[in-house]
Structures are given as C-alpha cells and as structure tokens.
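Accompanying notes for the structure given below.
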Amino acid sequence: MKHSSPKFQLFLFTAALFCFVGLSAQKPVVKIKNGLISGYKSGDIAVFKGIPFAEPPAGNLRWKAPQPKSDWNGTLDCISFSASPVQNKPVPFMMWTEEFITPPEKLSEDCLYLNVWTPSKSSGDKLPVFVWIYGGGFSSGSAACAIYDGEEMAKKGIIFVSINYRVGVLGFLAHPELSKESTSGTSGNYGLLDQVEALKWVRDNISSFGGDPGKVTIAGQSAGSMSVWAMIVSPLTKGLFRAAIPQSGGITTNLLGKSYEAAEARGAEFMKNAKAADISELRKVPAEELFKISSGNGAGGGLSFAPVFDGYVLPKDVLQAFKDGAFNNVSVLAGWVTGDGNMSFGQKQVPEKYRQDAIEKYGDNAEKFLKLFPGSTAEEVSSSSSRLTLLNFAAMADYTWAGSTKSPLYVYEFSHVPVDKPGFPNYGAFHTSEVPFALNNLHTWNRPWRDTDLAVEKTMNAYWVNFVKTGNPNGAGLPEWRTYVRSSGDIMEIGDQSKMIPGLYKNEFELLEKVNSVKK
C-alpha cells in the first residue's frame, strides 16, 4: 500500500505530536497548509488572529474571485486582528454602540483573514467547529467587532472561527466587463466567494487546530444570516458544513429588487459616475474614493451593492431552488428578533393609503390581508407594518425552508429586552441585540447586566452550543425545543421565560406564501 513504510508512519506520528505540543505551548504554533503560524494563549484557549486565507484582493485582483494564498517560509505571527474590509467610516449610531461596530482602525483591501479560538490540546480531538459570518447590510462589518469574540464559545468545547469578506462596491459590483473576464461568465458576488473560500480553508486546515471538518456549523446575523442562506443554497458549498444558524435575515428574494442584468447595468452606471473608461481604470481608483462615490458623496448619485442571483454562486431563483431541493440539506436553527420589524425605514403610511395599497397589491387576498394586518388607525398601520417587515425580512425564509427540507429545523423568536443603559434610549429587543446572548458575550457589551439578562444568556448560549455539537439544541435543564413543522408551527420564544408558542404567525405565513405564489 502506498505510504505504508515505517518512515512515513513515523512522519505522521511526529506531525501529530508537533501539533499536540504546539497547541499546548504558551505560544502555540500550528502547521497549516500554507506554513507555520503562531498565536497566543488566553487561559486554556489557543487564539490565532489574522490568518490569511486568500491573497489580498487588490490591484489586478480587485473584483476577482479570491485567489489561494501562497505558502510562506518561517512562522507567521497571528496574534492580532487583520484590517477590516474597506467601508465608509465606522461610526456608532442609534442602538448600535461601539461594541457592535467595525473598529475604525484599520480598513484595507487586504482583508481576507480569519480568526480561530480553540480549546483543543491535540490535533486528534476532532471538536465541532462554529464559523461566524458578520452582518452589516453587505456594506460594512468586520470579524473584529467586540461582540463576535470567540473565547466563550471555545470554553464550551467548540472551535470558533470568524471570517472577513469584502463588502459594498468592492464585494458586490456586477459589470459586463467583469462577467466577460471571469471563468464563470458572471460577476458581482465576490463577498460570497470570499465566504466560500474561507469555508474551504476550514475544511483543509481545521484539523490542525483539533477540529473536525465534518462537524462544521455556519452562523451569521442580518447580512450574515442572508449569507448563511446563500451558503445553504449555493452549488459551490456542497459538503463544507453540516448545520447552519441564520439569525434575522433571509435571501429568498433579490435584495436589490433587480435582475442580474439590471445589476450589471447598475455597475455600468457606477463606472460612469466614477469617470472611468473601463474596468482597468476603475481598478486604479482608490478604494476609499469608490465608497465615497457609491454613497453619493462623490461624482454621481449613490448606488448600493448586494448579492445578485447570478446562476453561479446563487441560483437565479432561490425559491425555485428550495422547491426543487437544489440546496445543501443541512440541519438548521433559525429565527429572528421582535425588533427586526423596525428595519423598515420608509415613510409611515396613513390608514387610507395603507388600505388602498393593500387592495392594489393583494387583490382577491386583500380582505384577508387586512384582517391579519389591520390598518384602520395610525397605531394599527404602524404595528401591522412592523410585523409585515419582520416576516418578509427574516421569517418567511424559515417558513419556506420548512416546506422544502427533510432535515431538522428549529425556529425561535427572541423577545428579551436588554437592560437599560443609563442616559441611553431603550430600543427594546432590537436588531442584533440577540448576538451577545447567543455567543455568551454580554461581558463585551457595556451595560449594567441584571440576573435576568444573564439567565437569558445562559439559556440561549446553551441552545446554540448543543446545536453546534449535536445538531439538536435540547439539553438537560432547558425547556424542550420541538422541531418546526408547518402543520403545528411551534416556535421557541427566547425571552425572560423561554417557552414554545404553537402556531405563531401560522396564518400570516400561509397568506404571504399564497400571495407570493400568485405574484410569481
């Protein structure tokens, strides 16, 4: 048998021993595919920050699929976060204080790095792996945000990995020239391709940190949740993970409300705004200037960029892919926050206009719609609009998935209101507020936490840890979490007292699915 010689067996033993000693050392050293890396110890956890998983996507590699990282000589120090992806200047706003925001220093196109927290003492431990994908509307975000720290999850026997990906115009510009030069014949989903490349890195390297590449769970919130759904439905990710946790965000409809061809036209408009003759010239424009232009502060008006249904990274029609079973049939734990309904920042409608729009939009279903989403008063309009936004933004993807998958699905609604911060408005259970609870990271969020908050954190984190380890969130001392099926519609409310709620939004789900199918 090939490679069965005593010398080769000795080599394998030595390599395994090296990894064992490396992870146990005060300055841990690990051999990965590209070379040696060193990290640091935080208690019993070995931490490696700023590990490159692809070549810097700058210069001629701007707006190209991530390229495999070249090998290096010697030992690469991986003891601090890399630069975050270029984006507009990160500034706290509304409820999102600095703990939720990309560190302002530094930002760079050279951003394709990831971070690993591992409790393993040996490469043979085969621990479960949790990969975190950040949110930020696909226009901002970073793995270095305080609330994404991986140490507490690692203390629970899980290897925690957080990844960077390109955002905004650098991550999602589609253009006919870019499509023509690409081997896939498409363009625009570079940020998603970064995520795919990071998952391939995990597959190829995580065993060196004591992880099992067959026990990977991906998770993310908001745009990170949409990214998780993208990874679930992408034909490029087969076999890269066994479970997924999308939190507050679906990707069953085009985020830009445009076709792929329209996305390319949007890219052509952006090039015109940037006063560039072709892609070669556009690649020479400083990254910061590109973001200035895309936000409307430079030449031309603002243009947003997000994933596109290109038929390569993503199916042209995600809903049809769900129906056809064209996806990674993995176990899913999914849900939303009650405050997700406040993600609609449009103008508030008056009751008369609300009713008129409902009749025009829903036709024969308008009467039933107005019973479920009444709007006779301004207060009713506000409440119904918020609930409708929550369902369309975050929940309908979960309901649609339930009608397609054969794997277990667990659905939650997070309703807990974090303690007030003195002198700061109370935004309730706001969008993103559940993340520190799920990751056991309230200590990274500067608030005077109560016993109630800490109890919710303990419960929610236990569910997440159990799911990552076994594909089932249930465990000793926790309220039973039943799988979600459409007929009963059982959803776990994670709040001051976590409990199952039968049939939550069941009628609303059924109506919205019917309306969407009629529109198609």
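Go through ALA276, ALA263 for me and flag whichever is hydrophobic (A, V, I, L, M, F, W, C), closer than 19 Å to SER295 by Cβ and assigned to a helix (DSSP H, G or I).
On inspection, the qualifying residue turns out to be ALA263.
Give the residue, chosen from SER404, SER498, that is touching a strand residue (DSSP E or B) at 6+ places or on another chain (Cβ under 9 Å) and among the small types (Gly, Ala, Ser).
Sole residue among the options that is touching a strand residue (DSSP E or B) at 6+ places or on another chain (Cβ under 9 Å) and among the small types (Gly, Ala, Ser): SER498.
Test SER304 against the stated conditions and say whether it is in the same structural domain as GLY250 (by TED's automatic domain parsing) and either modelled with pLDDT under 95 or in contact with a Cys (Cβ under 6 Å, 6 or more places away or on another chain) (or both).
Numbers: in the same structural domain as GLY250 (by TED's automatic domain parsing): yes; either modelled with pLDDT under 95 or in contact with a Cys (Cβ under 6 Å, 6 or more places away or on another chain) (or both): yes.
Spelling it out, SER304 is indeed in the same structural domain as GLY250 (by TED's automatic domain parsing) and either modelled with pLDDT under 95 or in contact with a Cys (Cβ under 6 Å, 6 or more places away or on another chain) (or both).
So is LEU390 assigned to a helix (DSSP H, G or I) and not assigned by TED's automatic domain parsing to the domain that holds GLY250 or not? Before you say what the answer is, go through the steps one by one.
Values: assigned to a helix (DSSP H, G or I): yes; not assigned by TED's automatic domain parsing to the domain that holds GLY250: yes.
Here the answer is yes, as LEU390 does meet what is asked.
Across region 267-291, what is the total count of residues that are buried (at least 17 other Cβ atoms within 10 Å of the Cβ) and either over 22 Å from ARG166 (Cα atoms) or within 25 Å of the chain's Cα centre (by Cα) (or both)?
Here the count works out to 4.
What number of residues in region 166-182 are farther than 20 Å from SER84 by Cβ and in contact (Cβ under 8 Å) with a residue 40 or more places away in the chain? First the steps, then the outcome.
Filtering region 166-182 for residues farther than 20 Å from SER84 by Cβ gives 174-182.
So of that shortlist, the ones also in contact (Cβ under 8 Å) with a residue 40 or more places away in the chain come out as 174-179, 181-182.
Qualifying residue count for the region: 8.
Return yes or no: is GLU288 out of contact with any His (no Cβ under 8 Å at 6 or more places or on another chain) and at pLDDT 95 or above?
yes
Assuming GLY220 fulfils every condition listed in (1) under 25 Å from PHE48 (Cβ atoms); (2) part of a loop (DSSP other than H, G, I, E, B); (3) of a type in the set (Gly, Ala, Ser) apart from one, which condition is it?
Failed condition: (2).
Within 27 Å of GLY311 (Cβ to Cβ), in contact with a helix residue (DSSP H, G or I) (Cβ under 7 Å, 6 or more places away or on another chain) and part of a helix (DSSP H, G or I): does that describe ALA230?
Yes.
Count, please, the residues in region 359-391 that happen to be surrounded by 19 or more Cβ atoms within 10 Å (Cβ to Cβ) and in contact with a helix residue (DSSP H, G or I) (Cβ under 7 Å, 6 or more places away or on another chain).
Within region 359-391, residues that are surrounded by 19 or more Cβ atoms within 10 Å (Cβ to Cβ) and in contact with a helix residue (DSSP H, G or I) (Cβ under 7 Å, 6 or more places away or on another chain) number 7.
Take LEU314 and decide whether it is more than 29 Å from ALA262 (Cβ to Cβ) and touching a helix residue (DSSP H, G or I) at 6+ places or on another chain (Cβ under 8 Å).
The answer is no for LEU314.
Is it the case that PRO473 is surrounded by 22 or more Cβ atoms within 10 Å (Cβ to Cβ), within 23 Å of ARG242 (Cα to Cα) and either at pLDDT 95 or above or in contact with a Cys (Cβ under 9 Å, 6 or more places away or on another chain) (or both)?
yes
Out of everything in region 348-358 that is in contact with a helix residue (DSSP H, G or I) (Cβ under 8 Å, 6 or more places away or on another chain) and charged (D, E, K, R), what residue ends up being surrounded by the most Cβ atoms within 10 Å (Cβ to Cβ)?
Among them, the one singled out is ARG355.
Residues in region 484-500 that are under 14 Å from GLU413 (Cα atoms) and surrounded by fewer than 16 Cβ atoms within 10 Å (Cβ to Cβ): how many?
4
Looking at region 13-58, which of the residues that are at pLDDT 95 or above and of a type in the set (D, E, K, R) is nearest to LEU112 (Cα to Cα)?
Residues of region 13-58 that are at pLDDT 95 or above, as a first pass: 28-58.
Narrowing the set further to residues that are of a type in the set (D, E, K, R) leaves 31, 33, 41, 44, 49, 55.
Numbers: LYS31: 19, LYS33: 16, LYS41: 23, ASP44: 27, LYS49: 12, GLU55: 7 Å.
Per the criteria, the residue is GLU55.
Checking the structure you have, find out if any residue of region 162-180 is within 26 Å of GLU98 (Cα to Cα), in contact with a strand residue (DSSP E or B) (Cβ under 8 Å, 6 or more places away or on another chain) and in a strand (DSSP E or B).
Scanning region 162-180, I find at least one residue that is within 26 Å of GLU98 (Cα to Cα), in contact with a strand residue (DSSP E or B) (Cβ under 8 Å, 6 or more places away or on another chain) and in a strand (DSSP E or B), so the answer is yes.
Would you be able to say whether some residue in region 104-118 is within 9 Å of GLY210 (Cα to Cα), more than 15 Å from the chain's Cα centre (by Cα) and in the same structural domain as LEU256 (by TED's automatic domain parsing)?
yes
Would you confirm whether any residue within region 310-330 is in contact with a strand residue (DSSP E or B) (Cβ under 8 Å, 6 or more places away or on another chain), in a strand (DSSP E or B) and either at pLDDT below 95 or surrounded by 13 or more Cβ atoms within 10 Å (Cβ to Cβ) (or both)?
Within region 310-330, none of the residues are in contact with a strand residue (DSSP E or B) (Cβ under 8 Å, 6 or more places away or on another chain), in a strand (DSSP E or B) and either at pLDDT below 95 or surrounded by 13 or more Cβ atoms within 10 Å (Cβ to Cβ) (or both).
Could you tell me which residue of region 181-201 is farthest from the chain's Cα centre (by Cα), considering only residues that are assigned to a loop (DSSP other than H, G, I, E, B) and surrounded by 24 or more Cβ atoms within 10 Å (Cβ to Cβ)?
Among those residues, the one meeting the criterion is SER187.
The values are calculated or read from the model by the stated rules, or taken from the named source; none is laboratory data. Note that the coordinates shown come from a computational prediction; the quantities given were computed from them, not determined experimentally. Don't worry about glycine lacking a Cβ; one is built from the backbone with ideal geometry, like all the others, and counts go over all protein chains shown.
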